[in-house]
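Here the structure is laid out as C-alpha cells; the discussion comes afterwards.
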Amino acid sequence: IICLVDCVQLSVSTGSDWRWLYPDCLSCSVCAAPFAFPDTSIVYAVEVLTDIGCIIQDSVAVQVLYPADLDAGADRDLCLGDTLSLAGVGSGVLNWSPAGSLDAASIASPVAQPLVSTTYTLSSENDQCILTDSVFVRVIEQTEIEGLDWMACGGDTLELEVEGEADTWLWSPA
C-alpha cells in the first residue's frame, strides 16, 4: 500500500532474465527490483527464468491510496458542555489528535467534549502511506436571549421579538 505520488520497490528473489509483464509505471521492465510508481491500484506480474531453465510467473499487488480515502468529517458546532461524535472514515491505523478531549483516539468516531474551539486531525497509517485530514469543532458558549415584556388585550395580535444568537427558536407554550 502506497500513497498517490509515492513509489515502492518490487523485488524478485530467484532466477534470472526477469520480465515484468505490465511495465507501465516501473523504473525497469527487465530487472529484479524495479521501482513502481503507479497512479492507481495495480497487479504487477513478472516472468522469471529459473536456474533449471523453467519459466515461472508471480505477481504482486500495489494498492494506491488517495487523500480522499481519509475523511475527518464536516466542521461542526457544539454548545459548551455538550458532546458530539466525530465522523471519521478511513482504514489502517487511525489516530486523532489532540486526544485530551476525546473518549478514544484510535477509533473512527470518538466522542469529543472540547472546552474551546478545536481542530482535530485524523491520521491513517497503511503500510507506507500516511494520510491526514482535519475537522474544526467550534465551541459556542451559552447564548443569552432577551425578549421584551408585552401587554395585550384579548383578541390583539403581537409580533414577538427576541435578541440573541441561535439557529432555531422554540416557543413555549406553543
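In contact with a Cys (Cβ under 9 Å, 6 or more places away or on another chain) and surrounded by 15 or more Cβ atoms within 10 Å (Cβ to Cβ) - does that describe any residue in segment 97-109?
Within segment 97-109, none of the residues are in contact with a Cys (Cβ under 9 Å, 6 or more places away or on another chain) and surrounded by 15 or more Cβ atoms within 10 Å (Cβ to Cβ).
Out of the residues in segment 44-67 that are free of Cβ contacts under 8 Å to residues at least 24 places away in the same chain and open to solvent by less than 80 Å² (accessible area, probe 1.4 Å), state the one that is farthest from the chain's Cα centre (by Cα).
GLY53
Please pick out the residue among ASP58, ASP71, ASP82, ASP75 that is among the charged types (D, E, K, R) and more than 27 Å from VAL139 (Cα to Cα).
ASP58
Identify the residue in segment 1-41 that is among the hydrophobic types (A, V, I, L, M, F, W, C) and outside any loop (DSSP other than H, G, I, E, B) and, among all such residues, is surrounded by the most Cβ atoms within 10 Å (Cβ to Cβ).
ALA36
Restricting attention to segment 144-162, which residues are in contact (Cβ under 8 Å) with a residue 12 or more places away in the chain and surrounded by fewer than 10 Cβ atoms within 10 Å (Cβ to Cβ)?
GLU144, GLU146, LEU148, LEU160, GLU161 - these are the residues of segment 144-162 that are in contact (Cβ under 8 Å) with a residue 12 or more places away in the chain and surrounded by fewer than 10 Cβ atoms within 10 Å (Cβ to Cβ).
May I ask you to list the residues in segment 115-131 that are surrounded by 15 or more Cβ atoms within 10 Å (Cβ to Cβ) and in contact with a Pro (Cβ under 9 Å, 6 or more places away or on another chain)?
Result: THR118, TYR120, LEU131.
Is one or more of the residues making up segment 71-88 over 30 Å from LEU21 (Cα atoms) and in contact with a helix residue (DSSP H, G or I) (Cβ under 7 Å, 6 or more places away or on another chain)?
For segment 71-88, residues over 30 Å from LEU21 (Cα atoms) and in contact with a helix residue (DSSP H, G or I) (Cβ under 7 Å, 6 or more places away or on another chain): absent.
Among the candidates CYS129, CYS153, which residue alone is in contact with a Gly (Cβ under 8 Å, 6 or more places away or on another chain) and over 25 Å from SER101 (Cβ atoms)?
Selected residue: CYS129, the only one of CYS129, CYS153 that is in contact with a Gly (Cβ under 8 Å, 6 or more places away or on another chain) and over 25 Å from SER101 (Cβ atoms).
Which condition number does PHE136 fail, the rest of (1) open to solvent by less than 50 Å² (accessible area, probe 1.4 Å); (2) hydrophobic (A, V, I, L, M, F, W, C); (3) touching a Ser or Thr at 6+ places or on another chain (Cβ under 6 Å) being met?
It is condition (1) that PHE136 fails.
Mind checking which residues of segment 98-129 are charged (D, E, K, R) and in contact (Cβ under 8 Å) with a residue 12 or more places away in the chain? Can you show your working first?
At the first step, the residues of segment 98-129 found to be charged (D, E, K, R) are 103, 125, 127.
Scanning segment 98-129 gives GLU125, ASP127.
The values are calculated or read from the model by the stated rules, or taken from the named source; none is laboratory data. These numbers were taken from a predicted model, which means no experiment stands behind them. Cβ atoms come from the backbone with ideal geometry, glycine included; neighbour counts cover every protein chain shown. The area values use the complete protein model at the heavy-atom level, side chains included, leaving out ligands, DNA and RNA. Shrake-Rupley method; radii C 1.70, N 1.55, O 1.52, S 1.80 Å.
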